[in-house]
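First comes the structure, then the notes that go with it.
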Amino acid sequence: MSDQQAGPPAWPAPTTPEYTAPPAFTKKRKGKVIAGVVAAVVLVAGGLATAKLAMDRSAKGGAATPEAAVQKMVTAIEQNDLLGLVDVLAPWERDFVRRQLTKLTKVAKDNDALSHDADLGHLPGYTLRIDGLKLDSQAVNDHIADVVPVAGTAHFTGNLDQLPVGSRIRDAIATVDPQDRTAKGDVDFASLDESSRTPIATIKQDGRWYVSLFYTVAEGIRRGADAAPPDPAQAVAAQGADSPEAAVEQMIDAIRRVDMRRLIALSPPDEMAVLHDYAPLFLDHVQKQLANRPPLPFTVQGLQFTTQNVEGGKKLIPKAFTVKVTGDNPVTVAYERTGDTISLRVDAGDQPVVATLQRTASGASFVIDGGQQGKITGTVATIDDETFKVHASGTSADSRAMTADVTVSTDGKCIVAKGTSTSDGETSPIDGNTCGTGVPGASAIPMGSLLGKFGQIVRYDRIAKLFDIGVVTTQVGGKWYVSPLRSTGEVFAGLGRVFEGLSN
Amino acid sequence: LGGVVLRLGAIVASVLGVLIVVIGSLLPWVRTGERTRSSYELAALADRLGVLPSGAATVAVRGWVLVPLLAAATVAALALGRTTIGGFLALVTGLYAVVLAWLVETSRLKTDVGGPMSIAGGIIAILGGIALVVSGVTSARQAGTE
């Protein structure tokens, strides 16, 4: 047996836990805490500022009340702030006015009606200050309110010399007596009787109030006619078409049937909201007047379009169509544009007349063929940017013939025609100059200059722009509508494109 | 010591630059008639009037409201000692301000003090930001080679 005894397990010797002092609140740590606090505060401040700016930005303009909307407009006018003035308008009108202003300004500058440095952001030529303005609004219905000034004094001054007009208009202004070039006036709104206070109409859209030009006009007419306010429940419901082409075809059909209600229903419910709202005030009367009227005596066949994307819609440019006017004097007009050839055929009697314009390498050629009544052919040749030559030859039904070149004299003051004329077998020369002025009294515009401009216009590229004028359709809520305002604007813009950049 | 001073200078430039950008953005940028508009009012007006070109320019103008947040993030990152990130944010804020303000300054609008101030702040922020980013990248490379 062994002496060795199994003893109890050996416990580790007790140790005293080593005391570690808590880390001292050092300067470094204190700095980190301060930095963290600063960072958090700065981040929160930056976040709040951004959120505030984003919220301001998301507001769709307008104002909380009708009076506030008109007050904003008045302030913009007082500050000569055209952009601010446009900004208080109802969203659709704002877009429309901005588009038209941009286009018209360009055309006006090109044609020297506006000075080239005219700044649309600033409306010069007047000052307006209104002291103590008080506005009062009257609800027309749930989304229209008329606002009238009931107190305050407007002080107005105007000065023709400060208008940003082009040189020609400025010269005309210079002929006016200096005293007559300025105007000054005060209006005390409180002293005006009610009929003299023109109400400014405001409309409510998405909870905000906006000034509306269209509704102001409509309200003026309604009040003048002493008619009842428009009832929103009676408004003409928008009824668009499934495609831009269908919208135009339905519009032509509505015109043919003289169906005013359908025409209004085919107009865009945003742009033409005023028409949809106010049409019930006159529509029944007009429809009664037209009730027994037969459809207009015309049909449109073979309508084809070229479609162009334009800002906020699609423009449909006619490519081909035939219009047949029936009745005592039937007329058929057939139009076709194929590539660089534009042709028009008019059947109005025994003999059709066919006019064709075609692009050529140096300009354009044209043919006006009246069959037995005669024929004129010719070319328009562009010599350079400023000069051109028209060569024309023609025969008439009584066998007279003529061939001539028409140009502008080298000094640009006269029209020169040279050629020959044959009648009854005798040939005589044509050699003539036409000088002087094209417009009576307008001594500054020599005839040659006018013809020079004509020469620039009749180039194929320019004249073809006339045939680019189309109908503008817009899509609202998935349906297509014909925009009367934008289509009308398109006509003016089309004319502007023809005359754009002509040298003076 | 030179490196420390340079780094400190870059931090100060970055903070100062983005602060000037923010202050400039709140001051009048354009004048129409007698009315002045800050950069934010101008951006909102341009958006409402539909005059912004589509694409990146629209995104850039609409995103302009984020400038105070970008500037705050720059200052916060620098306060926390994240100098490279802070420098990068200062660089982005500065470039954003310079490009946008320059576009407004060269437009046909009548401009006011806010735009030039933002350009000046933007340039300072860009310089500070570049210095911090370069210094951060260099330090990281040196740490990697050791």
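Could you pull out the pairs from A:109/A:204; A:314/B:110; A:134/A:184; A:27/A:52; A:134/B:110; A:324/A:418 whose alpha carbons sit more than 29 Å apart here?
On the way: A:109/A:204 36 Å; A:314/B:110 34 Å; A:134/A:184 22 Å; A:27/A:52 37 Å; A:134/B:110 32 Å; A:324/A:418 41 Å.
With Cα atoms farther than 29 Å apart: A:109/A:204; A:314/B:110; A:27/A:52; A:134/B:110; A:324/A:418.
Straight-line reach from residue A:315: which lysines have a Cα under 20 Å away, not including same-chain ones fewer than 8 places off?
In chain and number order, the partners are A:103, A:465, A:479.
At q = 0.10 Å⁻¹, what base-10 log of I(q)/I(0) does the Debye formula yield for the protein assembly as shown when every alpha carbon is treated as an equal point scatterer in vacuo?
Evaluating at q = 0.10 Å⁻¹ gives log10 I(q)/I(0) of -1.18.
Sort A:194, A:67, A:219 by Cβ crowding within 10 Å, fewest neighbours at the top. Display every interim value, and only then the final one.
On the way: A:194 8, A:67 19, A:219 24.
Result, fewest neighbours first: A:194, A:67, A:219.
Can you give me the Cα centroid spacing of the stretch B:106-137 and the stretch B:13-92 in angstrom?
Cα centroid of the stretch B:106-137 versus Cα centroid of the stretch B:13-92: 10 Å apart.
Given the options B:73, B:101, B:56, which has the most mean-square fluctuation in a GNM of chain B, springs set between C-alpha atoms less than 10 angstrom apart?
Of B:73, B:101, B:56, the most mobile in the Gaussian network model is B:56.
Counting only other residues whose beta carbon sits under 14 Å from that of residue A:398, what net charge do I get with K and R as +1, D and E as -1?
0
Roughly how crowded by other chains is peptide B:36-43, in terms of the mean Cβ count from those chains within 10 Å of each of its Cβ atoms?
Average neighbour count from other chains, rounded to a whole number: 3.
Stick to the Cα atoms of the stretch A:111-165, pair each with every other, and give me the Kirkwood hydrodynamic radius in Å at one decimal.
14.3
Contact order normalised by length for chain A, with contacts defined as Cα pairs under 8 Å and 6 or more residues apart; what percent is it?
9
Sorted from fewest to most neighbouring beta carbons within 10 Å, what does the list B:102, A:209, B:29 look like?
Exposure proxy ranking, most exposed first: B:102, A:209, B:29.
Among B:134, B:104, B:59, which one shows the biggest mean-square fluctuation in a GNM of chain B, springs joining Cα atoms closer than 10 Å?
Fluctuation is largest for B:59.
What does the stretch A:312-391 give for Rg and for Dmax, in Å, if only its C-alpha atoms count?
16.0, 49
Provide the three semi-axes, in whole Å and in decreasing order, of the ellipsoid equivalent to the stretch B:1-138 as defined by the square roots of 5 times the Cα gyration tensor eigenvalues.
Gyration-tensor ellipsoid for the stretch B:1-138: 30, 14, 11 Å.
Classify the stretch A:237-333: rounded, prolate or oblate, from the alpha-carbon gyration tensor (a ≥ b ≥ c, eigenvalue square roots; a/c under 1.5 rounded; otherwise prolate if a/b is larger than b/c)? Could the numbers behind the result be given before it?
On the way: a/c = 3.07, a/b = 1.06, b/c = 2.90.
It comes out oblate by the Cα gyration axes.
So who's got an amide H within less than 5 Å of the one on residue A:476, skipping anything under 5 residues away but keeping other chains? H placed 1.01 Å off N, in plane.
For residue A:476, whose amide H was placed from the backbone, the distant partners under 5 Å are A:481.
Need one number: convex hull volume per residue for the stretch B:84-146, Cα atoms only, in Å³.
54
Dividing the alpha-carbon radius of gyration of the stretch A:119-251 by 2.2 N^0.38 Å (N being the number of residues), what value is obtained?
1.50
Expressed as a rounded percentage, what relative contact order does the stretch A:264-402 have, with Cα pairs under 8 Å and six or more residues apart?
Relative contact order comes out at 10 percent.
Quick one: net charge around residue A:321, please, counting Lys, Arg +1 and Asp, Glu -1 for every other residue with C-beta under 11 Å from its C-beta.
Its environment carries a net charge of +1.
At q = 0.14, 0.19, 0.25 Å⁻¹, what base-10 log of I(q)/I(0) does the Debye formula yield for the stretch B:24-78 when every alpha carbon is treated as an equal point scatterer in vacuo?
-0.45, -0.73, -1.00
Residue A:414's amide H: which non-local residues (gap 5+, or another chain) put their own amide H closer than 5 Å, with H modeled 1.01 Å from N in plane and none for Pro or chain starts?
Amide H neighbours of residue A:414: A:409, A:448.
If we count other beta carbons within 10 Å of each Cβ, what is the order of A:122, A:155, fewest first?
Exposure proxy ranking, most exposed first: A:155, A:122.
Under unit Cβ charges (Lys, Arg +1; Asp, Glu -1), what dipole magnitude, rounded to 20 debye, does chain A have relative to its Cα centre?
1340
I'd like the Kirkwood hydrodynamic radius of the stretch A:187-236, using the inverse of the mean 1/r over distinct C-alpha pairs, in Å.
One over the average 1/r among Cα pairs gives 12.7 Å for the stretch A:187-236.
Quick note: the coordinates plus some simple rules give every number you see, no bench work behind them. Since the structure is predicted, the reported quantities are computational estimates derived from the model, not experimental observations. Here the Cβ is made from the backbone with ideal geometry for all residues, glycine too, and neighbour counts use every protein chain on show.
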